[in-house]
1. Among B:Y63, B:I452, B:A342, which residue has its Cα furthest toward the positive end of the charge dipole of chain B, with +1 on Lys/Arg Cβ and -1 on Asp/Glu Cβ?
2. Mind putting together the pair-distance distribution for the range C:156-268? All Cα pairs, 10 Å bins, whole percent per bin, short to long.
3. Which semi-axis lengths, in whole Å and largest first, follow from the square roots of five times the eigenvalues of the Cα gyration tensor of the range C:252-291?
4. Excluding residues on the same chain fewer than 8 positions from A:K29, give the aspartates and glutamates whose Cα lies under 16 Å from its Cα.
5. Of the cross-linked pairs A:K139/A:K289; A:K31/A:K86; A:K77/A:K139; A:K105/A:K210; B:K413/D:K357, which ones have a Cα-Cα span greater than 23 Å in the structure shown?
6. For a test of the definition: using alpha carbon positions, the gyration tensor, and the 1.5 limit on a/c, classify the range B:276-318 as rounded, prolate or oblate.
7. What FRET efficiency comes out for B:D124 versus B:A148 if R0 is 30 angstrom and r is the Cβ-Cβ distance? Round to the nearest 0.05.
8. If you take the Cα Rg of the range A:34-145 and divide it by 2.2 N^0.38 Å, with N the number of residues, what do you get?
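The values are calculated or read from the model by the stated rules, or taken from the named source; none is laboratory data. Values in this document were obtained by computation on a predicted structure and should not be read as measured data. Don't worry about glycine lacking a Cβ; one is built from the backbone with ideal geometry, like all the others, and counts go over all protein chains shown. Surface accessibility is based on the protein's heavy atoms, side chains included, excluding ligands, DNA and RNA. Shrake-Rupley method; radii C 1.70, N 1.55, O 1.52, S 1.80 Å.
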Amino acid sequence: AEINPAVVYDLGGRFDRSFNQAAYTGAEKYKEDTGTEYRDFEIQNDSQREQAMRNFARRGMNPIVAIGFSQASALEKVAKEFPETKFTIVDMVVDLPNVQSVVFKEHEGSFLVGVLAAMASETGKVGFVGGMDIPLIRKFACGYAQGVKYSNGDAEVFQNMTGTTGAAWNDPVKGGELAKSQFDRGADVVYHAAGGTGVGVLQAAADAGKLGIGVDSNQNGLHPGSVLTSMLKRVDVAVYEAFEAAANDTWEPGLTILGLAEGGVDWALDENNESLITDEMKAAVAEAKEAIISGNLEVHDYMSDSACPM
Amino acid sequence: MHQMHGAGETGAVQPAIELRGIDKRFGAVHANKEIDLKVDKGTIHGIVGENGAGKSTLMSILYGFYQADAGTIHVDGKLCEINGSEDAIAVGIGMVHQHFMLVETFSVLENVILGVEGGAVLRDGVEKAREELKRLEREYSLNIDPDAIVGDLSVGLQQRVEILKALYRGAEILILDEPTGVLTPQEADHLFRILDTLKEQGKTVVLITHKLREIMAATDNVSVMRQGAMVAHRKTAETSPEELSELMVGRKVLLRLEKGESNPAATVLKVDNLCVDNAQGVRKVKNATFTVRAGEIVGIAGVSGNGQSELLEALGGIRSASEGTVELNRQDVTAGKGVDAAELRRRGVAHVPEDRHRMAMVTAFSAKEAAILGYEDDPAYQKGGLLDWDAISAATANMMSEFDVRPDNPDLKAANFSGGNQQKLVLAREIMRDPELLLVGQPTRGVDIGAIEFIHKRIVAMRDAGKAVLLVSVELDEIMSLADRILVMCDGAIIGEVAASEANERVLGLMMAGVDPNEAKAAEGQA
Amino acid sequence: MDTFQLIILLLDATLRTSTPLILAALAGMFSERSGTINLALEGMMLGGAFSAAAVAFYVGSPWVGLLAAIATTIALSLLHGFACITHKGNQVVSGMAINILMSGLTALVGIALFAQGGKTPALDKGSRFQPITFPGADAVQDVPVLGLIYSELLSGHNILVYVAFLAVPAAWWVMYRTRFGLRLRAVGENPGAVDTAGIGVVAMRYRAVICSGVLVGMSGAYLSTAQGASFLQDMTAGKGYIALAAMVFGKWRPFPALAACLLFGFLDAAATRLQGVVLPGIGEVPVQLVQALPYILTVILLAGFIGRAIPPKALGRAYVKER
Amino acid sequence: MSKTVELPRWIDVGALPLLNLLLALVVSGLVVLAIGENPVQVVEILLYGAFGYEEAWGYTLYYTTNFIFTGLAFAVAFHCGLFNIGAEGQAYIGGLGVTLAALYLDFLPFPIMLVVAMLAAMIFGAAWAYIPAYLQARRGSHVVITTIMFNFIASSLMVYLLVNVLRPEGSMTPESEQIAEHLRLPFIHDIAAALGIDMASSPLNLSFVYAIVISVMVWLFIWHTRWGYAIRTVGANAVAATYAGLEPGRFIIIAMMISGALSSFVALNEVMGVQHRLLIDFTAGYGFVGIAVALMGRNHPFGIFLAALLFGMLYQGGAELSFEIPTISNDMVVVIQGLVILFTGAMEHMFRPRVTKIYTAWRLRQDAGEAA
Ligand SMILES: Nc1ncnc2c1ncn2[C@@H]1O[C@H](COP(=O)(O)OP(=O)(O)OP(=O)(O)O)[C@@H](O)[C@H]1O
Ligand SMILES: Nc1ncnc2c1ncn2[C@@H]1O[C@H](COP(=O)(O)OP(=O)(O)OP(=O)(O)O)[C@@H](O)[C@H]1O
Ligand SMILES: [Mg+2]
Ligand SMILES: [Mg+2]
C-alpha cells in the first residue's frame, strides 16, 4: 500500500553521526529503494516532541517512527489521540494497540566491542564515555565492561557519563574532555555511547593518537585508523522495516527485541579499521558472538536488575 | 538696557573672550538668547543671575561642552570654531564646572593628566606631570597629595583638583561656575587668593556666583543674566548690590512683605539635640535644638550645603536621625524610629522639599497623579478599593484653580508644566491639606515674581490660621520678609537665633559665615 | 594513579575549560569598564564560534577562521554600540537581543550552508589549533612532581590557551598603564570628565566595545576550532554568562577575574568528571550543585557577603548631555 | 530655530513601535533572502500556519497565553524600574509548585485543586523572585545580574530534582509522573464540545481565559490601586517615593514577587494545561520572549496582548514553516525574535528624532495654514 512515513528524531538531530543518523540512513535507504518520500523533524527542545508527532499525524503521515526513549510519553499521548495511525518507537516500550516498540540488546553488542577493546589496549586500561546518565546507557557500559573482563581479567575500565539531561547527547566538547581525562589516566581505547557527544570522544582519541570505538552507526570512517570499530545498533534496520511492514500491511503492534541473534546489534569491520583488527581479535570476537547467540555465554543486562556485576 | 563698556576704555587691547549672538535651546527651554559678552584680558569678570538664567549654559558653550545653535566665539580677537572641549582647551580656556567633572576612583594625578597624558604609555608622562603639578601647587599654594584618591577628598580639595586640571592644561582663561556654593568660608577665602594670583599673572577669570558680596569683593567687571538673556554689563566699582539684584530679578526687589504680627501659641514642633548623617556617614546636622510654635514662621538661613537640606529631610521623615528627638505635639516622631514620611503626613506634617524635580514631583506622571503623591491613601481618593480618578481629577482641578496653575489641565504630563507651575502644584498639594506643620524649603526657587508674592501670601495665611511653619531658604530676602524668628545654620549647627525685627543682611551674613552671634551683632553695632 | 597526578590532570583540564571564560571575561571587562554593559558575550561567542568553524572548514586554516571569528564579533560589538552608544538604547535589552539573534542565526545559516542540522562539518587536523608540545616535555615526563607539571600542565595546550593566559597581564597593562586604559576607565566612571578633558566619549566607548569584540571572538574560535572540532547549535551553553559572572566576581579587574575564571573552570572540570560517580561515604555527588556554584557564588558576592563588587559608576547609562 | 512639538500618543505608542517592528520584519526578510528562500512564501506559510486553519488558531493562542503571562511579569517589574530577566527561572520553579501540588494533593477535587495549584505556582514563582528582589532592595545587588544567575540556578536545581527526585521509578526521561486526569485544565475544544460546538483539538486550554482575566487585573492593579501607584512612583522616581513615604525597597520586593507570580502562570498553562507533567526546560524561552513582548507592548496589558499574539503567531507559524521548508528551521523564528527585540527594544529611539522633526514640520505647516 501507499504509505506516508515520517520520522521524529531525538535531540542531537539527523546528523549526529550516531544514533539519529542511523535512523536517517534507514529512512533514506527506504526512499532510495522504493521511491517513497518521507517527512522528518528534528526537535530542538523537549516540549516540541508532542507537537511534531501530532503535526505529522494530523497531516496523515503513517507510519510515524519516533527515535529515542525520550519520545515515549509524548508518543503515548499522541498515539491515543490518533488511534488509526501506526507509531513505531525505538528504544522504549509503549504499550498501546497502535504502537510498535523496538528495543535492542545493546549489552550484547557492547560486549563484543569490549572484547576488541581489551585486546587492542596496550596499557590494559580502557574507557567508556556515556551520554545521558540513564539505565539504558549503563546497560551499554555494563555489557562493554563484561566484554573487556572476559578477554582480559586484569583490565581496568574507566567510566564517565556526560550529563543527566538531553543536552548530554549533544556536547562533543565535554565528550572530548572526558575522553582526554581517561587518556591522561592511561586508557588507550575509549568506547562511547553518547550520540552527538561521541563525535568529540572520537575526535579526542584521534587527536591523542589513541583508539575510539563508535556506536549505533558505523563510525569507523570518521577518523580512519583511529576508530577501532563501532558497535552497530541497527536503528536503520528498525526504521526500514517499520516502513516496509507498513507498506506490506504486515506491520504489527507490540514489542520487538533485536539482539545479536537477530542482527540488531553487531560490530563493524570495514576498510577503515581493517589494519587495526588482527586475526586473533577477529577469532576471539567471533567466538564470543557465537557463544552469545548459542546461549552459552550470557551477557548480563543492567536494566534487568539495575546492577552490573563488574 | 545694554550698556556696554570695553573698547573705549581698554584701548587697543583685544578682549580675552568675546561672544557674539550666542543662542541655545534645550528642547522647549530657551536657555541662551542671543548673548553678547566681552571679557577683558587679565581681569576677573563676574556673571550673576538667578537659578536657570542660563549662566552655566553660556559658559559650557564657551568651553565647547554644548554647541550653540547660533553665534560666534572670539578668543584674543580671533574667531574660534569651538566644537568640543578639546578646541577650547587648545585656545587656552579652562573650566571648573558647577558639578565637578572628576573621576572619583582615580588619583589626583590621574585626573589631572586625563586627556593630556603625554604619550600612549602612561609612565612617560606621569613623572613629568608630577613635577609640573608640584610647581603649580607651589605657585598657587594649591597643596594636595597627587596620589590621593579624589573620591576621598573633601569638596574643597576636589575643587583644587579641578583648578589644577585647568592650569596643567595651560589655561589662560579660567571659568569658575559657582565655585563657592560648596565651600566653607575659609576655603572660599583661599580660593579668592588663588584667583588674585592668577590675575596677577595676567590670566583671565570668569566667575559665576549668586553671591553679590563675592562679586563686589573679587571682580573687576560684572555681567547680569536674566531668563536666558544678557541684561547688563557693569564695572564692579560703579555698581552696587542693590542695582545688581534689581537687574537680576528684573524689578525692584521686594524686601518686606506686608504681614501682621505673629501670635505664637502652643509648641507644635520640638527638636532636641537632633543629629543627622548623610549617606556617606558624614554628620551634616549637629545637635540642632529648637521649637516651632503654632502661628509662627521660623526661618532657617544658611549658605546652601550647611545641613539645612538634611535637617528638613529628617523632619520630613525621609532621612533617619542619628541622635536626638523630634516631637510633634508632644509625641515622638523622630525619623527612623518607626516613623516615616507617610506616618508624618498622617499626623499633619506637610512638606515642600527643596528639590522639586528630584523629590516632590514625578515628572513622568500626569498632573493629577503628581497631585496625590504622598496622599494616595487618602480615603477621599478611594472608591471600592481602587483609586477614584474622578475624585482625584476634581481635587487636582481645585488645586490648580486655587494656586493658579497654568495650564489647568489635570491630565497634562507634569514635565510639560513650567518650573514655576510645577512648584505651585506642589505647594497646592501640601498647603491645601491644611496641615498642623508645614515644612517648606526654597518655596520660590525658579518661580516668577508674581508667583513669589502669591506663594508668600499663602504661607503667611497659613501662619495666620494658627499653623506652624518651618521655612528653609538660602534667599536672605525671603527669610527676612517671611520669618518671625530666624535660626542661622552653619556647618550643621544652629549657631544662633535672631528675631525678624532685629535681622539684617549683615548680621545674618556674618552668622552664616560662622561668626558668633554676639560678635556678629557687636560688629554690626560698630559698623 | 596517585592523587597528585589526579590533581594535575584536573588542573590541566581546568586550564582548558577556563580559557574561553578568561577571554570572554576580559572582553566583558573592556566593555563594562567603559560603561557599556555587555550581556551579549554569549551571543558574540556563538557568532565567533560559528564563523571560525565555518571559515576554517572552507579555507582549511584555523588562523583564517580566527580572523573571521574576530571580524564577526567586532561587527556584533558595533551593532551593540550602535544600539546603546549611538542610539542610547537599553544596554541590557540590546545584549539579550544579540544573544537571541545569534542563537537563531548561527543555526539558520549553518543549516543553509551545510545542511547538517545547524552543525558545521568536522574539521580536520590542519583546520584546527593543535596542541603545542614544549621542548623536552616528553623527556621530563617521569621526573617526579616537576616533570608532570611541565609536561602535562604547562605543555601540550593549543596556542589560544597560552594567548588567553597572556591576555590577562596584557589587559592589566593596557588598562592601568596606558593612555588608552586611563581614558577607558575614566569614561566608564564619569563620561563628563572625559568629555570636558577634550576626549570623545562616543569614540572611546566604541573603541572599548571593539576590544571586547576581539577578545570574545577568540573565545568563540577556541570553542569550535581548538577545544572542539566543529560548531554546534548553542554550543556556548551559558559560557558567556559564566564569563560575565566571573568578571563580576573578579570585580571588573583582570587578575581577580582570572582567578574567578579558574575557579569556575575548575568547578566545571570537576563536575564533568563527577557525573555519575559514586563517592564512598558521600554517595552520588549532586553535579548540578557543583555546576550551579559559579552562579551561587556570584550572587553571594553581589549581595556583599564576600567583599563588595562596585561596578563602574557610569555602567549601563548612555551618555546624555542635553536632555 | 523651530519649536519642537510633543508627539501625540498615537505616534508615540502606535506608529513608532510599528515602524520599528516593520524594520525588524524587513531585516528578517533579508535574512530569508540571504539563505536562498522566498520571503513572500515564508510570510504566506507563517500566516497560514498561524491562522490558516482552526487548529492553528488554537496553537497560536496557546503560545500567546504563555507570552501574555511573561510579558505581564516583565511589565510589572519594569513599572517599578526593575529589569526582571528571571521570568524563565521563576516560571520553571513555578512549575515545580504546580507539579508538587498536583502530585501530592491529587485527592482534592478539581476546582479546589485549581486554586491550590495556582497558589502553589504563585508562591513558588514569587519566592524565586524574592531573593533577587531582596538583594536589590536591601543590598543593592543589581537585579539584572542576579536574575540571570537565578535562571541558571533554577535550571540546575530542576535538573537535580527531576533526575533524582521527581522521576518515577524505572523511567529514563527526566520528567515527573503524569498528573491525575481529573486535575488537568480542560481544553477549550473539550469545553466547546460540551457546549455542543465542534472545534479542532489543540493545546489551547482554560488558562488562555485566565490570561485575559489576569491582564485586566494587572491593568487595574497598575493604574487603579495604591500599590500600583506606589510601584510606578518608585519606578519613575525613587527619591520622590521616599519623600511620599513609599519605601522603595518594599515596593521593589512587592513588584518582583508579583512579577515572579505572573511568570509562574506559564506553568499552569504548560503543566496543568498541556504537558500534564513536569518536563525539563518546559519554559522553552518563554520568559525571555516576555521581555520583547512587554517592550513592544509598551508595558501596557493591551499592548502586551497584541505583542503576545504576534509572538504566538510567529511561534506557531514558525513551527509550520520548519515543517514546510526544510532549510528553514525553527531558528528562523528565533532570529525574528532577536531582531524584534533589537529594533523595538534596544533601538526604540532610532526613528524618534526624525519622526519628531517630520511631525513638527507638518504641525507647523498645519498651524500656519490655519492662521492664514
Ligand atoms: N543639559 C540640559 N538639557 C536640557 N536643559 C538644560 C540643560 N542644562 C540646562 N538646561 C536648562 O537650561 C536653562 C538654563 O540652565 P543653566 O544651567 O544654564 O542655568 P544657570 O544660570 O547656570 O542656573 P543655576 O544658577 O541654577 O546654576 C534651565 O532652564 C535649565 O533647566
Ligand atoms: N521637558 C519639557 N517637555 C516639554 N515641554 C516643556 C518641558 N519643560 C518645559 N516645557 C515647556 O516649556 C515652557 C517653558 O518652560 P520653563 O520651565 O523654561 O518656564 P519658565 O519660563 O521658567 O516659567 P516659570 O517662570 O513658570 O518657571 C513651558 O511652557 C513648559 O510647558
Ligand atoms: Mg549653573
Ligand atoms: Mg522657570
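1. About the Cα centre, the residue reaching furthest to the positive side is B:I452.
2. Result returned by the calculation: 12, 39, 32, 14, 3, 0.
3. 27, 8, 7
4. A:E37, A:D40, A:D236, A:E241, A:E244
5. Over 23 Å Cα-Cα: A:K77/A:K139; A:K105/A:K210.
6. prolate
7. Using R0 = 30 Å, I get an efficiency of 0.85.
8. 1.36
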